[in-house]
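A.B. asks: Handing you a structure now.
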Amino acid sequence: MHKYKRQHISIIIPTLNEEKNLGFLLHYIKQNFNSCEIIVVDGGSSDKTVEIAQEFATVVFSPKGRGKQLNAGAKNATGDILWFLHADTTPHIESIKLIQSNMLDKNIVGGGFAYNLGSTSMALKFISWFSNQKNRLLKRIYGDMGIFVRREIFNKIDGFPESLLMEDFEFSRRLKRIGKILILPQQIKTSPRDWYKEGFTKKVIKDTCIRMAYCMNVDDQKLYNWYYGVKR
């Protein structure tokens, strides 16, 4: 039987103009996970994101780019386990206990939680269900699943790639190569805002094509331009 040893967790949140979502998440974290270190890494917000973050967290500044921001947060963190959250997510209330208890298994290098778009739409409920089946089968974790990882493992794989896109996809692939990835069944809710903004069908097709193109080594800048509609 394992002897329980509490592991300190650092929560790292990358932000860019997230004043509408960040306050709720930070209140929630303080109320339910007050033993954790909280680091907000801002990529140059022009709204009140930084002002809100400073009430609850250590604020770190970084060049814009999720991979760069996540790495900057990890560099400033003191925890044994790094837990990366998006500003528009709501973690399960038992998340900390679940991470700490499951990470007693030294074979587990990291993991995430079940994906939930937090919508009453039947289409989005299906997308959440299908994504969870696929991710469990492929042992794949994405940023909106609340990625957690041992600090020494994070350092061993050189953190997140500082690419323009797909930093979580590549991080998951690196993680999978060196140990066991755990996807916990408890759900982390994430905002469906991008799905409503782009349209369900368009987003599914675009995300699928981006992953395929990335796996075919299409240039990072070209992927970014296509994904965000940048004309050169």
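A.B. asks: Of the residues that sit in the range 134-159 and are among the aromatic types (Phe, Trp, Tyr) and touching a Leu at 6+ places or on another chain (Cβ under 9 Å), which one is surrounded by the fewest Cβ atoms within 10 Å (Cβ to Cβ)?
C.D. replies: Filtering first and then ranking leaves 154.
A.B. asks: Of the numbered conditions (1) surrounded by 18 or more Cβ atoms within 10 Å (Cβ to Cβ); (2) of a type outside the set (Val, Ile, Thr); (3) on the phi < 0 side of the Ramachandran plot, residue 65 fails exactly one; give the number of that condition.
C.D. replies: Condition (3) is where residue 65 drops out.
A.B. asks: While we're looking at this one, here's another question. Run residue 65 past the list (1) modelled with pLDDT under 95; (2) more than 15 Å from the chain's Cα centre (by Cα) and report the number of the one that doesn't hold.
C.D. replies: Every listed condition holds for residue 65 apart from (2).
A.B. asks: Oh, and also: Please name all residue pairs, on different chains or six or more residues apart, with Cβ atoms under 9 Å, provided the first residue is in the range 52-69 and is within 27 Å of residue 170 (Cβ to Cβ) and the second residue is of a type in the set (Phe, Trp, Tyr) and part of a helix (DSSP H, G or I).
C.D. replies: 67/171
A.B. asks: Here is a further query. Check every one of the strands (runs of 3 or more DSSP E) wholly within the range 80-153 and list those with 1 or more residues that are closer than 12 Å to residue 184 by Cα, touching an Asp or Glu at 6+ places or on another chain (Cβ under 8 Å) and in contact (Cβ under 8 Å) with a residue 40 or more places away in the chain.
C.D. replies: 108-116
A.B. asks: Which residue is nearest to residue 9 (Cα to Cα), if the candidates are limited to the range 19-51 and must be part of a strand (DSSP E or B) and without any contact (Cβ under 8 Å) to a residue 40 or more places away in the chain?
C.D. replies: 38
A.B. asks: Something else now. List the number of the failed condition for residue 198; all other conditions in (1) among the acidic types (Asp, Glu); (2) farther than 20 Å from residue 99 by Cα; (3) surrounded by 17 or more Cβ atoms within 10 Å (Cβ to Cβ) hold.
C.D. replies: It fails just one condition, (3).
A.B. asks: Just to be sure I understand, how many residues within the range 163-203 are under 20 Å from residue 71 (Cβ atoms) and in a helix (DSSP H, G or I)?
C.D. replies: Result for the range 163-203: 12.
A.B. asks: Just one of (1) under 23 Å from residue 66 (Cβ atoms); (2) modelled with pLDDT under 95 trips up residue 87, so point out which.
C.D. replies: (2)
The values are calculated or read from the model by the stated rules, or taken from the named source; none is laboratory data. Note that the structure is predicted; figures quoted are calculated from it, not measured. As a convention, Cβ positions derive from the backbone with ideal geometry for all residues, glycine included, and neighbour counts pool all protein chains shown.
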